[in-house]
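The values are calculated or read from the model by the stated rules, or taken from the named source; none is laboratory data. Worth saying up front: this structure is predicted, and the values here are computed from it rather than measured. Reconstructed Cβ throughout: ideal geometry from the backbone, glycine too, with neighbour counts over all protein chains shown. Ligands, DNA and RNA are stripped out before the accessible areas are found, and what is left, the full protein with its side chains, is counted by its heavy atoms. Shrake-Rupley method; radii C 1.70, N 1.55, O 1.52, S 1.80 Å.
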Amino acid sequence: MQIEKNRVVALDYELFDADGPLIEKTEAPIEYLHGGYHGIFPLVEKALDGKRAGDRCRVRLNPEDAFGEYDAELVQVEPRDKFPDNLAVGMQFEGQAQGRHDALVYTVTDIAADKVVVDANHPLAGRTLDFSCAVAAVRAASAEEMSHGHVHGPAGHHH
Ligand SMILES: [Zn+2]
């Protein structure tokens, strides 16, 4: 079966920094619904269009094709007393940036005596990545998956 709109694609992938190091790889294939449902990077979808189980692809993703450019405005310095006592680097908080409506997830990146630095950039923002993948399987999506716009796992419905 060929990959086209409304097929569920199972992929093994490795994600590399464009400079070489491996960032992450799948232990078991991940599944996504093909056809513009934002289940995977658009450039990867484009490269996979028409491929079949066993085929491979390798796609160079610039920041704007992946996790976005690093945005210095998403780094904020906040007073220490706005945070709980047990604060640690790496903790995440939901917050709103000025002039934006959507909530962002801020990660604590530095703690000083009376100030805390939080950063809402994705950890891979600003990085150029190489996405290398192999198609493990292709199947037709169910009517429910198509109407929801995402894959339902073997255990049935979960969100
Ligand atoms: Zn669903």
Discussion item. Every residue in region 68-94 that is small (G, A, S) and free of Cβ contacts under 8 Å to residues at least 40 places away in the same chain, please.
Written reply: A72, A88, G90
Item to complete: Kindly indicate whether any position in region 110-119 is open to solvent by less than 60 Å² (accessible area, probe 1.4 Å), assigned to a loop (DSSP other than H, G, I, E, B) and touching a Pro at 6+ places or on another chain (Cβ under 8 Å).
Response: no
Fill in: Top-ranked residue of region 150-159 - restricted to ones that are open to solvent by less than 50 Å² (accessible area, probe 1.4 Å) and more than 8 Å from the ligand (Cβ to nearest atom), ranked as modelled with the highest pLDDT
V151
Worksheet item: Do any residues in region 136-159 that are on the phi > 0 side of the Ramachandran plot have Cβ atoms under 7 Å from those of residues that are more than 8 Å from the ligand (Cβ to nearest atom) and at pLDDT 90 or above, where the two are at least six apart or on different chains, and which pairs are they?
Response: G149/L33; G149/Y37
Discussion item. If I ask for residues that are surrounded by 15 or more Cβ atoms within 10 Å (Cβ to Cβ) and free of Cβ contacts under 8 Å to residues at least 60 places away in the same chain, which ones from region 54-67 would you list?
Written reply: D65
Worksheet item: Got a sec? Which of G95, G90, G126 is within 15 Å of D71 (Cβ to Cβ) and part of a loop (DSSP other than H, G, I, E, B)?
Response: G126
Worksheet entry | Residue within region 33-43 that is hydrophobic (A, V, I, L, M, F, W, C) and more than 24 Å from P154 (Cα to Cα) present | yes
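Quick grid of which residues meet (1) among the aromatic types (F, W, Y); (2) part of a loop (DSSP other than H, G, I, E, B):
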residue	(1), (2)
K5	no, yes
E24	no, no
Y32	yes, no
E45	no, no
R58	no, no
E64	no, no
E69	no, yes
E78	no, no
Worksheet item: Going by the conditions given, is A103 free of Cβ contacts under 8 Å to residues at least 60 places away in the same chain, within 16 Å of the ligand (Cβ to nearest atom) and either farther than 25 Å from A66 by Cα or open to solvent by 40 Å² or more (accessible area, probe 1.4 Å) (or both)?
Response: no
Fill in: Among residues of region 70-83, those that are closer than 16 Å to A125 by Cα and loosely packed, with under 13 Cβ neighbours inside 10 Å, counted
2
Discussion item. Can you find, within region 120-145, the residue that is nearest to the ligand (Cβ to nearest atom) among those that are of a type in the set (A, V, I, L, M) and either farther than 20 Å from R52 by Cα or open to solvent by 70 Å² or more (accessible area, probe 1.4 Å) (or both)?
Written reply: A143
Worksheet entry | Every residue from region 87-137 that is in contact with a helix residue (DSSP H, G or I) (Cβ under 7 Å, 6 or more places away or on another chain) and among the hydroxyl-bearing types (S, T, Y) | T128
